[in-house]
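The values are calculated or read from the model by the stated rules, or taken from the named source; none is laboratory data. These numbers come from a predicted model, not from an experiment. All Cβ positions, even for glycine, are placed from backbone atoms using ideal geometry, and neighbour counts span all protein chains on display. The area values use the complete protein model at the heavy-atom level, side chains included, leaving out ligands, DNA and RNA. Shrake-Rupley method; radii C 1.70, N 1.55, O 1.52, S 1.80 Å.
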Amino acid sequence: MLWQLKKYAVGFMEILHIYRQYIILLSLVVASIFLLQTNANPQLTYIRRHLLFMTAVVSRFQVWLPEYESAASVKNLKERNIELFKRNTVLEEAYLENIRLRKLIQFRDRFPLRTVPAHVLNKIPNPRLSVLILDAGYNKNVRMHDNVITDRGLAGKIIEVHENHSICELITDEMFRAAAKIQRTRLDGILRWEGRPNEMGFYGVIKNLDVRIGDVILTSEYSEYFLPNIPVGVVYEINNEVPGLFKDIRLKTFSDLNTIEEVFIVADTSRSVAARSGFEEQFLRNLK
Amino acid sequence: MGIVIRKRWKLLWFAGALGAGYFIQYNFVLPFLSIGHWLPDCQLILTVYIGYRYGAVAGSFFGFFSGLMQDVIIDFYGLYALSKTLAGYTASYTASRHVLLIERIYLPVVVAALAMFHDGIYYGIYVLGVPMSWRTMMVTYALPNAIYSGIIMFLLLMLIPKRLLAHMPASE
């Protein structure tokens, strides 16, 4: 037995002796690579990154290999996966809603007028009748012509009230008109929708008057239904090359009326509060 | 037992001589040999010579340890060690009895060729992840340095007496 082991050892040593130069080369190369690994240079970072990528590629090939999991456990895992996916979607939705509602609560707390929060039950995207159906009606003291706002600016006005719900005409309705003014110069004009989503026209400013891109448009004191100084939008295009006396002014609305889900109905119609200086800042600070 | 102790001493002598030789050539010889940014690679010349004369094992070992000393200078451990190990190993395969009479011409060519091989590996790793081109580095630095190393090898061989050169390479 011992003799045989000795024979194997001698044979092994002989093999080592014959191939010694290859073994030594391999050992030195391995030692060099080991030393290279100890560096923190960008070259090594690059190599490590590519090695990780190659590992990912190789692991993708592994997917093609036959799966040794039992059919029952695979089915079980798939069901669990679907369940987790559903739960994840619900949590994600709740998280986003949480962020949105927190902002709205903050806005409501510091807003000087009494407001009724309302959820959008339905949107009717017909350009001839652009309205929202809200989940607040007489039961929450909502009245005709109450202003509807978001934390960023004007959204529309109530045109129909029922016991549990009401209908809001959006500012992007074809029939919508409102008196408005430019914040910087106090020039008056009329707001109307011109057919593009989240965009409006500001009509009635004579061509030689001062209007600049970036001017903020607010509701005016002349308006019959709207409280003054509620921001509507910002001027992004001015065109004097149109026939007639007036400029062609276009603005982008502050409220995104395509994705609107929660609004505030202004239940307090005190014009004196809205006319105070700095009222519009309640909205404009949310845009920053 | 005596043989083992003698071998250990031999190894210590080898390491000491290598370190001292490297220190001397890095501080006193290289500054006089540089032409612009071109420099001969003295370690590589010695590695190739040892690989050529004494075989793959000696060439690989010498290449590894002399490369390691250069790695200390550039603070990139393993880079010169790897390229010089491979150069020292490859040098042993260039030895041939058919070139004995033209060794003074042949060996510098081998040095230049292996310098290109060595720098090819060196810059191949060195340019990874940094905004440098391997081809530019090879043309700007590796090629002139390889030619310069070959010339230095030729001059060294001219200084060595012919009778010392006229013996068989180890791998033959």
Which number in (1) open to solvent by 30 Å² or more (accessible area, probe 1.4 Å); (2) β-branched (Val, Ile, Thr); (3) in a helix (DSSP H, G or I); (4) touching a helix residue (DSSP H, G or I) at 6+ places or on another chain (Cβ under 8 Å) marks the one condition that B:Thr140 misses?
-> (4)
So is A:Arg143 at pLDDT below 90 and in a loop (DSSP other than H, G, I, E, B) or not?
-> no
Filtered residues of segment A:268-288 (kept if part of a helix (DSSP H, G or I), loosely packed, with under 15 Cβ neighbours inside 10 Å and of a type outside the set (A, V, I, L, M)) = A:Arg271, A:Ser272, A:Glu281, A:Arg285
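Within segment B:86-116, count every residue that is within 14 Å of another protein chain (Cβ to nearest Cβ) and either farther than 27 Å from A:Ile23 by Cβ or aromatic (Phe, Trp, Tyr) (or both).
The first filter runs over segment B:86-116 and keeps only residues within 14 Å of another protein chain (Cβ to nearest Cβ), leaving B:86-93, B:95.
Next, from what is left, pick out any that are either farther than 27 Å from A:Ile23 by Cβ or aromatic (Phe, Trp, Tyr) (or both): B:89, B:93.
So the answer is 2.
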Pair list, Cβ < 6 Å and 6+ apart or interchain, from segment A:8-36 residues that are at the interface with chain B (Cβ under 9 Å from one of its Cβ atoms) and among the hydroxyl-bearing types (Ser, Thr, Tyr) to residues that are surrounded by 11 or more Cβ atoms within 10 Å (Cβ to Cβ) and not in a helix (DSSP H, G or I) | A:Ser32/B:Gly78
Out of segment B:58-80, which residues are more than 8 Å from every other protein chain (Cβ to nearest Cβ), over 19 Å from A:Ile47 (Cβ atoms) and over 10 Å from the mean Cα position of the chain (by Cα)?
-> B:Ala58, B:Phe65, B:Met69, B:Gln70, B:Val72, B:Ile73
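Given the residues B:Leu30, B:Leu46, which is the only one that is away from chain A (no Cβ under 12 Å), open to solvent by less than 50 Å² (accessible area, probe 1.4 Å), under 28 Å from A:Asn41 (Cβ atoms) and at pLDDT 75 or above? Give the steps one after another, and end with the answer.
On the way: B:Leu46 fails: open to solvent by less than 50 Å² (accessible area, probe 1.4 Å).
After ruling out the rest, the residue left standing is B:Leu30.
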Would you say B:Ser83 is within 14 Å of another protein chain (Cβ to nearest Cβ) and under 16 Å from B:Tyr123 (Cα atoms)?
-> yes
Quick one: is A:Ala180 part of a loop (DSSP other than H, G, I, E, B) and either of a type in the set (Val, Ile, Thr) or open to solvent by less than 30 Å² (accessible area, probe 1.4 Å) (or both)?
-> no
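Kindly indicate whether A:Val232 is among the β-branched types (Val, Ile, Thr) and open to solvent by less than 10 Å² (accessible area, probe 1.4 Å).
Values: among the β-branched types (Val, Ile, Thr): yes; open to solvent by less than 10 Å² (accessible area, probe 1.4 Å): yes.
Yes; evaluated as a whole, the condition is true for this residue.
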Listed by first then second residue, the pairs whose first member lies in segment A:143-162 and is free of Cβ contacts under 8 Å to residues at least 60 places away in the same chain, whose partner is among the basic types (Lys, Arg) and surrounded by fewer than 24 Cβ atoms within 10 Å (Cβ to Cβ), with beta carbons under 7 Å and at least 6 positions apart or on separate chains, are A:Val161/A:Arg143
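Would you mind stating whether B:Tyr52 is open to solvent by less than 70 Å² (accessible area, probe 1.4 Å), at pLDDT below 90 and closer than 15 Å to A:Gln21 by Cβ?
Details: open to solvent by less than 70 Å² (accessible area, probe 1.4 Å): yes; at pLDDT below 90: yes; closer than 15 Å to A:Gln21 by Cβ: yes.
So B:Tyr52 passes the test.
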Is it the case that segment A:125-139 has a residue that's modelled with pLDDT of 85 or more and open to solvent by 70 Å² or more (accessible area, probe 1.4 Å)?
-> yes
Is it true that A:Ile217 is among the aliphatic types (A, V, I, L, M), under 24 Å from A:Arg276 (Cβ atoms) and assigned to a strand (DSSP E or B)?
-> yes
